[in-house]
Amino acid sequence: MSFEITLQIFSGGFLGKPVSFETVERKLNAVLPRLPVSRVFMGWAPGKELYEKTAELLAKQNIEFYLWLPVFSETGSLRPQSALVDFYGRKLKGNTGHAEEDFSFCCPNVPANIENVLDIFEREFSSIPFTGIFLDKIRYPSFAQGFTSVFSCFCPHCLALYKKENFDIEELKNILCASTDLKIKNYQINGIYEFEDLRISNFFSLKAAFIFRSLEYVSRYFKEKGYSVGFDVFAPFLSFFIGQDLPALSTLCDFMKPMMYRATQAPAGLPFETEMLLAETVGADRNKRKSFYTMLGIDGKKIPFDLAFSSKELEKLVQVSACPVFAGIEINRKKDLAEVYPDYIEETIRAYARARVQGLALSWDLLDAPEDNILKTAEEIKKIHNQD
Ligand SMILES: [Zn+2]
């Protein structure tokens, strides 16, 4: 089977009680006979019983089981971490208020922060027979957490790194304090933007190199233990601002899942992140907003987010990716956050399949996927498999 289907299940945050095995079992038993599923991601509420029982259920059906694990965010709720620092020297706190995910990011360059997440894994999850680890929050914050969150980190550890790279952060600070308009000249493809001021792109390139280096370490850690490793990443055109160089990252993992959420009004959602990018950089300036939309070739006001643009982003990523690309699409329905209905699922799956992705990750929470969405998803996937 060449077109692979993955299910994603949110079992709760680090501090919450995990959902019950009975809830997961009921949903899987209803869905698995209808969908040819290759793997399941589940995370990240601690509680071994849920994962042990789910592993057993999936093993019987030859389905791979991945732990969904956040890396540079969320883990602070379990243990103190060194936070990100903005260019004013302030510690950044999570603030989006989305239930059970606090989106408080830690500095990805401080080795103790990386060891912290590996310790959480060892303590809570290493005894469970997972096939692989699906790494999420492998990034810096986005504009959803405000302008200065994107222009981080300025902790002592990072300051030393910039110095070593001969990057003048005082100059950057002056540019950012003078104006939040990033003066984007051009969007090429695969997340590469050109700016009027080269120092801005140099800064983002540095951040991407830092994330790459930290993930190289984390990925090797899990691969040496025999796990497959998958990456949860932003859509290419948003990845540049959060320190993700997708073609480079594709060399570190067994597959990546760009979150191509056209309907989601929450972090990682395309309409939400695009709006936050504009709100934080050019504000209400209508002309500047219009030229951004024109640059991308989209109708910016349309929700769900532009379908042709979204699938072109995927198509271009597939062409350069060193690993398989699974398009992340929402099949859950959450009031005001993800208004996902069968017609949306139909057009999105059809367009993403034409972009030649190697499969779909049905996200971000199967437990909130209503019956009509599951029916439509199964119907569309059947058509794709019949064509293969
Ligand atoms: Zn730092």
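Quick note: the coordinates plus some simple rules give every number you see, no bench work behind them. Being a predicted model, the structure only gives us computed values, none of them experimental. A quick note on method: Cβ atoms are made from the backbone with ideal geometry, for glycine too, and the neighbour counts reach across all protein chains shown.
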Inset, instruction - Give me MET295, MET276 ranked fewest to most by other Cβ atoms within 10 Å of their Cβ, as a rough exposure proxy. - result: MET295, MET276
Inset, instruction - Starting from 0 in steps of 5 Å, tell me what percent of the Cα-Cα pairs of segment 1-67 lands in each bin. - result: 4, 17, 31, 26, 14, 6, 2, 0
Legend entry - 13 Å cut-off, amide nitrogen to a point 7 angstrom out along THR251 Cα→Cβ, residues in segment 195-232: 209, 212-213, 216
Inset, instruction - Would you order LEU67, LEU172 from fewest to most other beta-carbon atoms within 10 Å of each residue's own beta-carbon? - result: LEU172, LEU67
Inset, instruction - Compare CYS177, CYS158, CYS323 in a GNM of the chain, Cα atoms joined below 10 Å, and give the one with the largest fluctuation. - result: CYS177
Inset, instruction - Go through LEU118, MET260, PRO18 and say which Cα lies farthest out towards the positive end of the charge dipole of the chain; charges sit on Cβ, +1 for Lys and Arg, -1 for Asp and Glu. - result: MET260
Legend entry - Sorted by Cβ neighbour density within 10 Å, fewest at the top, the residues TRP68, TRP364: TRP68, TRP364
Legend entry - Structure-based [θ]222 nm, the chain - -39500 (n - 2.57) summed over DSSP H runs of at least 4, per residue, nearest 500: -12500 deg cm²/dmol
Inset, instruction - Highest first, please rank the peptides 379-385, 35-41 by the mean number of other Cβ atoms sitting within 10 Å of their residues. - result: 35-41, 379-385
Legend entry - Burial order of peptide ranges 366-373, 146-153 (average beta-carbon count within 10 Å, highest first): 146-153, 366-373
Inset, instruction - With just the Cα atoms of segment 2-151, tell me how far they stretch along each of the three principal axes, in Å, largest first. - result: 54, 30, 28
Legend entry - Positive-end residue of ILE298, GLY47, ALA144, charge dipole of segment 4-387 with Cβ unit charges: ILE298
Legend entry - Bins of 10 Å, starting at 0 and running to the largest distance - Cα pair percent for the chain: 5, 24, 34, 26, 9, 2, 0
Legend entry - Calculated over segment 116-226: convex hull of Cα atoms, volume per residue (Å³): 141
Inset, instruction - May I ask you to derive the relative contact order of segment 4-387, considering only C-alpha pairs under 8 Å and at least 6 residues apart, and to give it as an integer percent? - result: 16
Legend entry - Alpha-carbon Rg with Dmax, taken over segment 309-374, Å: 12.5, 37
